[in-house]
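First comes the structure, then the notes that go with it.
The values are calculated or read from the model by the stated rules, or taken from the named source; none is laboratory data. All values reported here derive from a predicted model rather than from experimental measurement. Glycine also receives a Cβ, built like all others from the backbone with ideal geometry; neighbour counts cover every protein chain displayed. These area figures cover heavy atoms from the full protein model, side chains too; ligands, DNA and RNA do not enter into them. Shrake-Rupley method; radii C 1.70, N 1.55, O 1.52, S 1.80 Å.
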Amino acid sequence: MAKTIWVLVEIEDGRPARSSLEVLSKAAHLGRAEAIVLGSAAATVAPSLGEFGAEKVYVHADPTYDTYLTLPAVDTLSDLLQRQQPDLLLFPTTYDVRDIAARLSARHNLGLITDATDLRYDESERLEVTVPWGGENVVVATHPYQGTGIVLARPKAFSVERFEGRQAEIEQLSVTLRPESQQMKILDRVEVQSEGPALEDASIIVSGGRGLGKPENYRLVEELATVLGGAPGATRAIVDAGWLPYSYQIGQTGKTVKPTLYIACGISGAIQHLAGMKGSKYIVAINKDEHAPIFSVADLGIVGDVLTVLPQLIEEVKRRKAQL
Amino acid sequence: MAPPAISPTGGWIGTTIFVVIFLAALTVFGLRVGQLVTLLAKARREDRTDHLEERIGDFLLVVLGQSGVLRDPIPGLAHFFTFWGFIIIQFGLLNLILGAFNGSLLLIGHDHTFAALLDLFVLFVLVSLIVFAVRRGIVRPRQLSSRLHGPWDGFIILGLIFLVLLTLALVETFGFAASHGEEWSLLGSWFGPSFYGLGTATNVALYRVFWWAHILTVLSFLVYLPGSKHLHLMATPFNVFFRNYGPRGALPLLENLEEREDYGVSKAEQFTWKQLLDGYACTECGRCNTVCPATNTGKPLLPKEIILGVKESLLDRRHEIVGEPNLFQKLPLADVRGNGHEEIQPLVGGVISKEALWACTTCGACMEICPVSIEHVPKIVDMRRSLVMEESDFPPEVTSLFNNIERNGNPWEISNDRRAEWAAGLGVPLMAENPEAEVLYWVGCMGSFDQRNRKVATALVKILKAAGVNFAILGPEESCTGDPARRIGNEYLWQMMAQQNIEVLNSYGFNTAQAETATAQHGHGHNGQTSRARTIITACPHCFNTIKNEYPQLGGHYEVIHHSVFIDRLISEGRLQLPSGFDHRKLTYHDPCYVGRYNGVYDEPRRVLAVLNSNGVTEMRRNRNRSFCCGGGGGRAWMEERIGKRVNQTRVNEALETEAEVLAAACPFCIMMFEDGVKGVEAEERLQVEDIAEIVARALEEAATPSATRAGQ
Amino acid sequence: MKIFVCVKQIPDPNTVESKLDPATKRLVRTGVSLVLDPGDETTIAAAIKLRDSLGNSELTAISMGPASAQEALRRALAMGVDRAILISDPALAGSDVLGTARTLAAALKRENPDLIFCSTESTDGYTGMVPGAIAEFLGLPQLTFAREINVEGTKAVIKRVTQTGYEVVESPLPAVVTIASGSFEAIYPTMKGIMSARKKPFSQLSLSDLGLDPSQVGEAGAREQVLSIGKAEARAAGQIIKDEGNAAEIIADFLQRHQLL
Ligand SMILES: Cc1cc2nc3c(=O)[nH]c(=O)nc-3n(C[C@H](O)[C@H](O)[C@H](O)COP(=O)(O)OP(=O)(O)OC[C@H]3O[C@@H](n4cnc5c(N)ncnc54)[C@H](O)[C@@H]3O)c2cc1C
Ligand code: SF4
Ligand code: SF4
């Protein structure tokens, strides 16, 4: 029997969020995907979800969800869970959804598996969730009981797919939102002007060193960072030389960063630099000197000229991103 | 005792007045000095009576021979004569005072030789005074400006001395004139006869006037002195006598960490009396500022200001320390900002800025040059200790250093299990595998983990193997010695690391204290081989210094030598055959502070390099004990350098001035700083940074394959 | 105010690769150096800052873990926390998110807290689910991903980190607050702190003290089960490749393989 899987779809700039659609597509592959959309823009978003795999969409277009965090959504989902028993709640990992999932799990005693990179049902219809563990291991986990469970999927674990021509049935929910649950009130939303994420928070960092030759070439590092959605960083050598302000410096006496991906461009890898980035999950280094110490920590090292490789890489990343 | 020719007071009434004034002045002087001494008595205790014989010998040399100041010749000579002039003039003064009681110094009172000598000194001193005045008033070296005393203090002192001499000359002149030569003096014999015409009565009157003037000037000087920078005249001899005779590289141990009330110094009175005496003894010559790498590169640190800052803070708070002052004690002891009127500033972060404290590389150049043996570094570290252990206030980049040393046993986020990875494939046994090893090679964190310094470690291994040394390393059993932590002020962490390492070293029988008892018990101490057999060598001067000079504070006594010395020894013993003059590149050598200044090793590395290099060693402008720090000591290698010029680049530029192609170093931190400095001044094409071990190892390869192209050709 | 901070002891994330024991399917806790979660250190710093600015408040650190977790709590005390509670019980071993949250919530409930600080996520487990679950068990609002927190009367106001900036969010007290990593500087303990940590109140609780049934927590109560542990796609030890014109493709392949595009 096909599994019923609920996906909470978030709205970003009036459109379904990409992270939600990734999960929705996966759910549609696993079984019967049902989406839940909440908030003032819910009604406009709902009809488009069929195309991304939803067979059914629960809609509650109420602005309360936009102003009050977590609790109204938990109440609504909880309400829905009283009426129906889906097999799985498959949610994207985002700031808001994490909060909702945690409470829902506690309220209904639902098993909770996070950071999933893959999931499937085996022959005996048991759920198997793949979770990477500490860089070297992967764990396969399940909910060891009958009934609904929650899985949070890692961003970008799945790709967004189109289910051409699929029309989702739309059900308007008629819950009344409890005033007691209107507690965490958003007073203001502030956009902070910045080219990209701050170094400390970035999950991708592209960093440049003296191998770039001259200040103008740092533009290549910035561009690659932008196309990858990461932040640009630097060695002290080029900060000292006045190419960039101190806030870009990574290392012993600069910032310590631990992104998922660190691309070192024209960086020798002096110990003081390594001290600040060695903890990165994946390190890619481009350096023309094959004996450069940076290669000792690199997962992928390219012995080559940054000035040739970087422009090509920027184009290649753009090209592949467009295909995704 | 013979009566003087003329009674200067003219009878008992005058003498009584003199006695009253004299005693009053002496009392004021005594109270003021007494207050200064009380401040010392209230300070922390510290034993400075070890090495008594040496103390006495050195005292004679430095104080009486003025060997300290003579290093800077012109002011030094002036100083020399002023000092001796002063001593001799005191006898003249005594003679004049005795006059009030109708007496005089029998032996010398009527001896023309002494009287002539005295006057010659008066003349010398006058000349010196002119030199001083010119220097102070016209040349105005920057290091002479003072924070505690306005510029007038120097002039008042010079003026008073001048007046003392002038009145003395006049006393002598009119004494000669009044007594028609019976009261003989050299100056009197020159000028006295011209005044015969005034008549004896007038001359006697003038003699008395100038006698009083002289006595009053001297007494004013006495009363003024304790509040002047010339307090050093009195304090210096004591300071020299009580100077540190322990190993210079050892910071004082902070005892009893578990039960202390305070951890370091945040208030002046928490220093030991000797540290405070330093403040009294400072001559404000500013020599320390001229050699300080921090001062020289525009940092807010001037070592002299540290010393005077401590003194200022002490005097600022003197009423709090000593209690309600009496009238005389209220007299200012220095031209101190606070002086009890304004709000008193805290010592650390007020009188002395935190930035100044963090700028110090603990290079020891200031202490090396100070003519009066003042100890700057222990004070700086004491104040850092308070910042770190009491306030948790230090440059943020240091936090990870502390955490990593504590958790991983090395300064980085690297598991210490990987400490021996550098030696993989080199055939280096671990101590655990070769417990009988003749030599323990202490690799240190840099040699173990830093790619650049791993090359040095590898080179040293090559040398040890070539010389057939039976050695081993500790691998994961070795941990950071704690040196950077201690110098940054984290004494707790240093003690933790030291204890851990001492346990490991003792377990392999390296402790010489233990070894002695062991050999005594087992009776096989054959011809001194035992101590030789348990040597620790290291290429890191910081490990070297702390194990050698500081671990004994916690009971770890070891025979530790720096690799440059060990290599020199291997060569002289013929265990290492090196081709002489194989390297033709022009080479200069940098003395690491903790090898040179702190441990007196200057010749061995030069000797090794001179054998290998056909040009010998070209010296930099500042070398040997005047060497200029690379900028990495005192924990500075772990902090950002935000202000002023870079110390490492300054030193690299000095190396470039010699037109050397190789900057030879003997310290992993120097290497790291110089590698970075060479890049910073974009001299990679011109200057190579190499450890002495790397140069020797290359020579060995050369010896093995004579046909290979010679380096630098 | 009564302020609490939930902390955890973990294997030093900087040096040890966390190891799961394939036999017991639990975190290996022997032979590796255990530390107070570095993320918790910054959360403690945030809590201390708030306590000091409020005045007349007490800060208690609370942890669930084996006896060795005492060390982590001592560090918290050394940093300036006033009191510590360790919940330790053999039955707690193998607790999942819900078991952990249920236990902590039970202990917190007895204390009538005004404010409970948590890190957004622990450095080793990074599920980030415990704080929300605690809030739910206690029926309290939760203010998450705070990079700044202020208490105004009976309300807490935070700046909540978002993808593009932040939201200003308020809620009534008592509440659970989670601190975004990197928002506060950890406090390096002073000697006074280290020494006084030995004398500060430290209590230890077991399950029965909390009136919890062992079947609700630990392995017994776990709602997730590890089926197997495998090696991740062997992380090819550093490949070094000479650029022959195709470097961009090689890198892009690498990025794609690791889902980094
Ligand atoms: C106290 C102290 C603190 C320090 N703290 C830090 C710190 O926090 N962070 C930090 O980064 N550094 C720090 N340093 C500096 C550090 O020692 C190094 O000097 C610095 O990291 C070197 O920067 P780099 O790699 O950009 O330059 P280099 O070391 O000069 O490396 C440039 C590299 O680029 C390569 N290259 C050149 N041209 C090309 C090309 N066309 N294509 C590809 N590769 C090329 C070269 O082979 C070389 O490996 C510190 C130094 C000190 C003394
Ligand atoms: S030790 Fe060196 S850096 Fe420190 S004050 Fe003295 S001269 Fe300056
Ligand atoms: S500390 Fe020594 S060198 Fe420095 S000013 Fe004083 S007397 Fe001179």
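Values as computed for the structure displayed
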read-out: Exposure of B:TRP190 as accessible area (Å², to 10), given a probe of 1.4 Å and all protein chains; value: 130 Å²
read-out: Highest-fluctuation residue, C:GLN216, C:GLN239, C:GLN142 considered, GNM on chain C with Cα pairs under 10 Å; value: C:GLN239
read-out: For chain B, calculated [θ]222 nm from helices alone, where every DSSP H run of n ≥ 4 adds -39500 (n - 2.57); value: -15500 deg cm²/dmol
read-out: Antiparallel content of DSSP bridges confined to region A:4-182, in %, to 5; value: 30 percent
read-out: For chain A, calculated [θ]222 nm from helices alone, where every DSSP H run of n ≥ 4 adds -39500 (n - 2.57); value: -8000 deg cm²/dmol
read-out: Spatially proximal lysines relative to B:LYS679 (Cα-Cα < 28 Å; intrachain offsets below 8 disregarded); value: A:LYS214, A:LYS255, A:LYS258, A:LYS278, A:LYS288, B:LYS299, B:LYS455, B:LYS586, B:LYS645, C:LYS242
read-out: Contour minus Cα-Cα distance for A:GLU123 and A:ASP13 (0.36 nm per residue); value: 35.5 nm
read-out: Rounded to the nearest 10 Å², the accessible area of B:GLU657 at probe 1.4 Å; value: 120 Å²
read-out: From phi via Karplus (6.51, -1.76, 1.60), per-residue ³J(HN,Hα) for region B:374-390 in Hz, x at Gly/Pro; value: 7, 10, 7, 4, x, 5, 4, 5, 4, 6, 4, 4, 4, 4, 6, 8, 9
read-out: Inter-centroid distance (Cα atoms) of region C:89-143 relative to region C:156-228, Å; value: 7 Å
read-out: Shape of region A:204-322, Cα gyration tensor, a/c cut at 1.5; value: rounded
read-out: Ratio Rg/Rh, restricted to chain B and using Cα atoms, in which Rh is the Kirkwood radius; value: 1.07
read-out: 0 to 90° range, to nearest 10: angle between helix C:247-257 axis and chain C longest Cα axis; value: 50 degrees
read-out: Where no second cysteine Cβ lies under 4.7 Å, the cysteines concerned in chain B; value: B:CYS282, B:CYS285, B:CYS292, B:CYS360, B:CYS370, B:CYS445, B:CYS480
read-out: Relative contact order (%) - chain C, alpha-carbon pairs under 8 angstrom, separation at least six; value: 24 percent
read-out: Kirkwood Rh and Cα Rg combined as Rg/Rh, region A:1-147; value: 0.95
read-out: Given 10 as the ceiling on other Cβ atoms within 10 Å, longest exposed-site-free region of chain B for trypsin sites (Lys or Arg not before Pro) in DSSP loops; value: B:46-620
read-out: Rel. contact order, % - alpha carbon contacts under 8 angstrom, at least six apart, chain A; value: 14 percent
read-out: Local net charge near A:PRO155, Cβ-Cβ under 11 Å (Lys/Arg +1, Asp/Glu -1); value: +1
read-out: Rounded to 10°, Cα long-axis angle of helix B:603-612 versus longest principal axis of chain B; value: 50 degrees
read-out: Threshold 40 Å², region B:412-461 residues less accessible with all protein chains present than alone (1.4 Å probe); value: B:TRP412, B:GLU413, B:GLN451
read-out: Area buried, chain A against chain C - accessible surface, total, 1.4 angstrom probe, square angstrom; value: 6900 Å²
read-out: Probe 1.4 Å, accessible area per residue of chain A, Å²; value: 40 Å²
read-out: Spin-label proximity, B:GLU259 to region B:31-50 - amide N less than 18 Å from point 7 Å beyond Cα toward beta carbon; value: B:45
read-out: Cα-based shape type of the protein assembly as shown, given that a ≥ b ≥ c are square roots of the gyration tensor eigenvalues and the cut on a/c is 1.5; value: prolate
read-out: At least 50 Å² accessible surface lost relative to isolated chain, residues of region A:276-324 (1.4 Å probe); value: A:LYS278, A:TYR282, A:ASP299, A:LEU300, A:ILE302, A:VAL303, A:LEU313, A:ARG320
read-out: FRET efficiency, 1/(1 + (r/R0)^6) with R0 35 Å, evaluated for A:THR308 and A:SER48 via beta carbons; value: 0.20
read-out: Under 21 Å from the Cα of C:LYS49 - lysines, other chains or at least 8 residues apart; value: C:LYS2, C:LYS8, C:LYS155, C:LYS159, C:LYS192, C:LYS200
read-out: Antiparallel bridges, percent of DSSP beta bridges restricted to the protein assembly as shown (to nearest 5); value: 30 percent
read-out: Projected label distance in nm at C:SER208 and B:GLU391, using a 7 Å step from Cα toward the beta-carbon; value: 5.2 nm
read-out: Neighbour-limited loop hits for chymotrypsin sites (Phe, Trp or Tyr not before Pro), region B:220-324 (at most 16 other Cβ within 10 Å; DSSP other than H, G, I, E, B); value: B:TYR245
read-out: Where chain B is the region considered: accessible area per residue in Å², 1.4 Å probe; value: 39 Å²
read-out: Expected 222 nm ellipticity per residue - DSSP helices of 4 or more, -39500 (n - 2.57), all of chain C, to 500; value: -8500 deg cm²/dmol
read-out: A:ASP79, B:ASP278, ranked by accessible area, largest first (probe 1.4 Å); value: A:ASP79, B:ASP278
read-out: Rounded tilt (10° steps) of A:95-108 against the dominant C-alpha axis of chain A; value: 40 degrees
read-out: Antiparallel DSSP beta bridges within chain C, as percent of all bridges there, nearest 5; value: 40 percent
read-out: Cα gyration tensor category, rounded, prolate or oblate, for region C:2-221 with a/c compared to 1.5; value: rounded
